[in-house]
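The values are calculated or read from the model by the stated rules, or taken from the named source; none is laboratory data. What you see is a predicted model, and the numbers here were worked out from it, not measured in a lab. Backbone-built Cβ (ideal geometry, glycine too); neighbour counts: all protein chains shown. The protein model used for the area step is the full one, side chains on, heavy atoms only, and it has no ligands, DNA or RNA in it. Shrake-Rupley method; radii C 1.70, N 1.55, O 1.52, S 1.80 Å.
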Amino acid sequence: MAYPVSPYIEERDGGLYLAGARVSLDSVVISFQEGDSPEQIVESFSTLKLSQVYGAIAYYLENEKMVNEYIAEGERELQRTIPPLSQQAPELYARLMAAREEIRSKRA
């Protein structure tokens, strides 16, 4: 699939990444969809600049349908190839989910 050109996004190895970074577009978009602000996303991905995050969000908003399809396909591929952590290591999964909720409650 041909993806729209952007100074903020680059295609590498079949995936979409923030230009000049090892952070995937879907990581930023999913955080944004979950309600994280651009500033919170920068806190989560300390190698990113705020301008890169805003550029990624702008790219997503301009190409929302395509990016959502890209993310959904990645999730389907993951489902086909890797059993979820909740099945592989249920105790670890429960601890990780509890830690995630604790972090989110501190942000609010």
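Odds and ends about this structure:
- Screening GLY55 on (1) without any contact (Cβ under 8 Å) to a residue 12 or more places away in the chain; (2) surrounded by 12 or more Cβ atoms within 10 Å (Cβ to Cβ); (3) of a type outside the set (A, V, I, L, M, F, W, C); (4) closer than 15 Å to PRO4 by Cβ shows it passes everything except condition (1).
- Annotation note: Cβ proximity below 9 Å between a residue of segment 1-29 that is of a type in the set (Ser, Thr, Tyr) and a residue that is loosely packed, with under 12 Cβ neighbours inside 10 Å (sequence gap 6+ or interchain) occurs for SER6/GLU62; TYR8/SER51.
- Boolean, TYR93 is of a type in the set (Phe, Trp, Tyr) and surrounded by 15 or more Cβ atoms within 10 Å (Cβ to Cβ): no
- Selection from segment 12-26 of residues that are open to solvent by 40 Å² or more (accessible area, probe 1.4 Å) and within 21 Å of GLU77 (Cβ to Cβ): ARG12, ASP13, GLY14, TYR17, ARG22, ASP26
- Among the residues of segment 1-22, just one is hydroxyl-bearing (Ser, Thr, Tyr), touching an Asp or Glu at 6+ places or on another chain (Cβ under 8 Å) and farther than 19 Å from VAL42 by Cα, namely TYR3.
- Pair list, Cβ < 8 Å and 6+ apart or interchain, from segment 37-49 residues that are within 18 Å of TYR17 (Cα to Cα) to residues that are open to solvent by 60 Å² or more (accessible area, probe 1.4 Å): PRO38/PHE32; PRO38/LEU50; PRO38/TYR54; ILE41/PHE32; VAL42/LYS49; VAL42/LEU50; THR47/ARG22
- Subset of segment 65-108 [under 14 Å from the mean Cα position of the chain (by Cα) and either over 30 Å from ALA19 (Cβ atoms) or acidic (Asp, Glu) (or both)]: GLU69, GLU73, GLU75
- The condition (being within 26 Å of PRO4 (Cα to Cα), open to solvent by 80 Å² or more (accessible area, probe 1.4 Å) and either in contact with a His (Cβ under 6 Å, 6 or more places away or on another chain) or β-branched (Val, Ile, Thr) (or both)) is satisfied by just one residue among THR81, THR47: THR47.
- Within segment 44-68, the only residue that satisfies the criterion of being touching an Asp or Glu at 6+ places or on another chain (Cβ under 9 Å) and of a type in the set (Ser, Thr, Tyr) is SER44.
- Meets criteria (over 13 Å from the mean Cα position of the chain (by Cα) and crowded, with 17+ Cβ neighbours inside 10 Å) for TYR8: yes
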